[in-house]
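Quick note: the coordinates plus some simple rules give every number you see, no bench work behind them. What you see is a predicted model; the values in this text were computed from it and never measured. Glycine also receives a Cβ, built like all others from the backbone with ideal geometry; neighbour counts cover every protein chain displayed.
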Amino acid sequence: MRPAHPLLDIRGLRKSYGAAEVLKGIDLAVSPGELVFLIGPSGSGKSTLLRCCNRLEEASGGSIWFDGQEVLADRIDINALRRRMGMVFQSFNLYPHMSALGNVTLALRKVLKKPRAEAERIGMAALERVGLAHKAASYPGELSGGQQQRVAIARALALEPGLMLFDEPTSALDPELVGSVLQAMRDMRAAGMTMLVVSHEMRFAREAADRVVFMDGGVIVEQGPPEQIFGSPRHERTRTFVSEVA
Ligand code: ADP
Ligand code: MG
């Protein structure tokens with residue numbers, strides 16, 4: 001049964017770059033434990049939507065509520081918001097001169113001021129969750145792309161986020177490395193993590209998503225369970241997109 005209150009509640013979200021309006025009033029709610037997949041053509045506004053959620057971009061209008069907090073309020077602590085809303089990008093952005101564990105524990109130590117032993121205990125648990133405890137001492141250059149991306153996921157998990165945002169987490173990976181990252185995401189879902197995922201992995205969406213949201217031209221065209229979006233889309237634009245990518 002779905003809880004009554006969404007964890008993330010986006011209403012009437014707008015974003016313009018100069019005269020170009022790229023988000024034209026987005027309404028989207030994500031419930032605790034839900035995995036919502038966001039799909040749509042390049043330029044439809046998917047990344048902008050995610051980036052507005054954690055204030056990497058400033059919205060032009062609308063509201064976003066996350067876990068009872070008004071994300072777009074002036075007084076919000078943006079760094080605290082970003083710790084509670086972990087984000088994983090296409091590029092992993094690990095520090096090359098630090099071990100996997102060093103990367104995962106950096107914010108715990110420097111920002112949250114945890115003592116080394118405690119930070120390392122939390123960091124090892126996070127690496128464990130992505131199946132990489134045995135690589136804790138390895139440097140990014142010694143890891144595959146899939147392993148580096150899982151370290152980036154562990155880095156976010158170590159901060160105990162309430163929501164994870166993924167923006168094309170497997171797009172930069174060689175095909176044979178994609179599976180390990182998707183497995184880490186599957187495990188997170190099984191552990192109850194709430195996730196909003198932009199990805200072109202349609203097979204994964206079919207299998208793992210609770211809901212698929214199709215965006216085009218800055219609006220949500222259609223949303224529903226994966227069977228509906230992939231099997232019997234209602235809108236022509238959805239049908240066209242799905243037939244091209246699936
Ligand atoms: P998607 O992730 O779906 O491919 P984006 O959110 O990246 O789409 O982009 C949506 C639209 O906004 C595109 O037309 C893109 O060119 C434009 N856009 C994105 N970022 C900027 C920016 N910083 N300045 C101007 N236009 C931007
Ligand atoms: Mg994008």
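Things worth noting here:
- Estimated purely from DSSP H runs of n ≥ 4, each contributing -39500 (n - 2.57), the mean residue ellipticity at 222 nm for the chain is -10500 deg cm²/dmol once divided by its residues.
- A straight Cα-to-Cα reach below 24 Å connects LYS110 with the lysines LYS135, residues fewer than 8 places away in its own chain not being considered.
- Stretching SER63 away from LYS110 to a fully extended chain increases their span by 13.8 nm, per 0.36 nm per residue minus the current alpha-carbon distance.
- With eigenvalues of the C-alpha gyration tensor scaled by 5 and rooted, the chain, Å: 30, 22, 16
- Here's the list of lysines a cross-link from LYS46 could span, going by alpha-carbon distance under 29 Å and ignoring same-chain residues fewer than 8 apart: LYS15, LYS24.
- Cα gyration tensor shape for segment 1-52, rounded if a/c is under 1.5, else prolate or oblate: prolate
- 18 Å reach of a label modelled at ALA125, 7 Å along Cα-to-Cβ, counting backbone N of segment 161-182: 161-164
- Extreme residue, positive dipole direction of segment 6-125, given options LEU50, LEU101, GLY33 (C-beta unit charges): LEU101
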